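Q: Take a look at this one; I'll ask things after.
What follows draws every value from the coordinates through simple rules; no lab data is involved. Predicted model, so just to flag it, every value in this text is computed and none were measured. Positions of Cβ are backbone-derived with ideal geometry, glycine not excepted, and every protein chain shown enters the neighbour counts.
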Amino acid sequence: GAGVVIVGGGQAGLQLATSLRQGGYGEAIRIIGAEPYAPYQRPPLSKAVLSGEAGVDTVPLRAPAFFADNRLDLVTGRRVEAIDPGARTVTAGADTIAYDHLIVATGADVRKLPVPGAELEGVLYLRGLDDALKLKEALARPRQVVVIGGGFIGLEVAASATKLGSKAVVVEALPRVLARSTAPAMASAIVRRHGEKGVEIKTGAGVSRIEGEGAVSAVVLSDGTKLPADLVVVGIGVVPAAGIAQAAGIATDNGIVVDELLRTSAPGVFAIGDVARFPTRFAPKPVLVESVQNAIDQGKAVAATILGKPKPYDAVPWFWSDQFDMKLQTTGLAFDVEEAVVRGDPDSLAFSVFLLRGGRVIAVDTLNKPADHMIGRRLVTAGTRLSAAEIADPSFDLKQAAA
Ligand code: FAD
């Protein structure tokens, strides 16, 4: 047969290819990636690689020999422009490539800041290795950095820039940082630590424009406040890269719509990773999940389906973020939270927040508490019932409750 074609050589696409070969798939596997690099890890780009604690040589997911050894046909620097689901082909430049199974693993693109001045020199984004190299170069000398967006990427960039000797101000439009992903008590502790390390965080602060003569010189907030800046990093979220699927008539809804087996509306076409909107028992409606865990586990799930052992995708979501001396870990999806219970002392920089709905644990955020995180994954997977009193009681045996 024509084998498997994977659009996008990122975390999800590489995992799928690897799992297929490990599972004994014998046909051709082609990975077509738009970036000029073999598959690499993104998490270090805002953390150790940006701050200089790790070299750029640490980011590749596999050594070059891996691809030849596993007969993975990797093409880099090529963009797939079109999918023809009827003919079961994709088009990349002058080539038309046939597939038995097509996997769209195109990830996401940064959301652009829609204000005047956003095109000035010195306004940067961070998604890929090229972005990281540019940002790293800009931070080689101390800067006055304004980070727009108080999500994980924004806070990690602020921490890395500070470690390098720059002064960082984070601007967040919502009333608090990490609003989408982290419990209020957790976000407060993180903000406090950033303050102690010299990062200023402004919440409820919209950006009205960026000023500068050629290069950026200031960020102007909607209340008129002018923040001097010679470097601006925008981290206001991503947009799933669903354009080629949509143009092919495949169902999309801010992301490519897939079922529990990660199948799209087109026969033989799957979508995985940041681009896939999937149904899950961990959320009341189909979701996009932007995490390494999700990319890896969805790659594995589709490999199993192609290998004839389909099993609905049901992995518990988890995520991490490193900022200064803080390792934040989350598990579950915090939809319709009814109760948030703190375990441990939030002032100690090592505590957890358990999020409950209907008396069950639906998500757990931990700070420098890796054991609670691992237990949390089990509690969320099982939907364990726990009371607020039990969770808050330091002598209550959580591990036992998760067993
Ligand atoms: P990607 O890894 O984005 O790969 C998609 C690839 O497809 C890209 O290379 C893209 O160029 C390519 N592509 C797109 N369109 C086409 C086309 N038409 N033709 C060919 N190729 C195409 N997650 C965590 O769990 N923990 C973290 O700490 C963490 N930190 C992060 C830090 C940063 C700076 C970033 C950017 C992300 C971070 N993430 C983190 C998220 C995680 O990296 C992503 O969820 C993960 O990479 C998603 O994998 P993916 O394969 O779906 O997409």
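Q: Going by amide H atoms built from the backbone, whose H comes under 5 Å of the H on Phe319, apart from near neighbours?
A: Thr330
Q: When the Cα centres of the range 360-403 and the range 290-345 are compared, how far apart do they sit, in Å?
A: If you average the Cα positions of each part, the centres end up 15 Å apart.
Q: Just to verify a number: FRET efficiency for Ala98 and Asp314, C-beta to C-beta distance, R0 = 35 Å, to 0.05?
A: 0.65
Q: Right, another one. What percent does the relative contact order of the chain come to when contacts are Cα pairs within less than 8 Å and at least six residues apart?
A: Normalised by residue count, the contact order of the chain is 15 percent.
Q: Report the Cα centroid-to-centroid distance between the range 262-284 and the range 42-71 in angstrom, as an integer.
A: Spelled out, the Cα-based centre of one part sits 27 Å from the other.
Q: Next question. Going by a ≥ b ≥ c, the root eigenvalues of the Cα gyration tensor, does the range 1-160 fall in the rounded group (a/c under 1.5), the prolate group (a/b larger than b/c) or the oblate group?
A: Cα axes put the range 1-160 in the prolate bin.
Q: A follow-up question, please. Restricting to bridges with both residues inside the range 112-234, how much of the DSSP beta-bridge set is antiparallel, in percent to the nearest 5?
A: Counting only bridges with both partners in the range 112-234, antiparallel ones make up about 35 percent.
Q: Another question, then. In nm, what is the difference between 0.36 nm times the number of residues separating Ala215 and Val337 and their Cα-Cα distance?
A: 39.5 nm is the gain from fully extending Ala215 to Val337.
Q: Still on this structure, I have one more. Give the lysines reachable from Lys163 as a straight Cα distance under 22 Å; neighbours fewer than 8 places away on the same chain don't count.
A: In chain and number order, the partners are Lys47, Lys134, Lys136, Lys197, Lys202, Lys327.
Q: If you don't mind, another one. Suppose each label sits 7 Å from its Cα in the direction of the beta carbon; what would the Arg281-Asp347 distance come out to in nanometres?
A: Output for this residue pair reads 4.2 nm.
Q: At a temperature of 25 °C and a viscosity of 0.890 mPa s, determine how fast the chain diffuses translationally according to Stokes-Einstein, using the Kirkwood radius over alpha-carbon pairs as Rh; express D in µm²/s, rounded to the nearest whole number.
A: This corresponds to a translational diffusion coefficient of 110 µm²/s.
Q: Which aspartates and glutamates, on any chain, are close to Lys399 with Cα under 20 Å apart, when same-chain ones fewer than 8 places away are left out?
A: In chain and number order, the partners are Asp345, Asp365, Asp372, Glu390.
Q: Shape verdict for the range 237-294, please, from the Cα gyration tensor: rounded (a/c under 1.5), prolate (a/b greater than b/c) or oblate.
A: oblate
Q: How do the peptides 195-204, 238-247 rank, highest first, by the average count of neighbouring beta carbon atoms within 10 Å per residue?
A: Per-residue mean Cβ counts within 10 Å order the peptides as 238-247, 195-204.
Q: Okay, helix-only estimate at 222 nm for the chain: each DSSP H run of n ≥ 4 adds -39500 (n - 2.57), divide by all residues, round to 500 deg cm²/dmol; what do you get?
A: Computed ellipticity for the chain at 222 nm equals -7000 deg cm²/dmol.
Q: Give me the number: length gained by fully extending Thr76 to Ala247, i.e. 0.36 nm times residue separation minus the C-alpha to C-alpha distance, one decimal in nm.
A: Residue separation times 0.36 nm, minus the Cα-Cα distance, leaves 59.3 nm.
Q: Straight-line reach from Lys311: which lysines have Cα under 26 Å away, leaving out those fewer than 8 places along the same chain?
A: Cα-Cα hits under 26 Å: Lys285, Lys300.
Q: Mean-square fluctuation check for the chain, GNM, Cα pairs under 10 Å: which of Gln15, Gln41, Gln298 is largest?
A: Residue with maximal mean-square fluctuation among Gln15, Gln41, Gln298: Gln41.
Q: At 7 Å along Cα-to-Cβ for each site, give me the label-to-label distance between Val56 and Lys399 in nm.
A: 4.4
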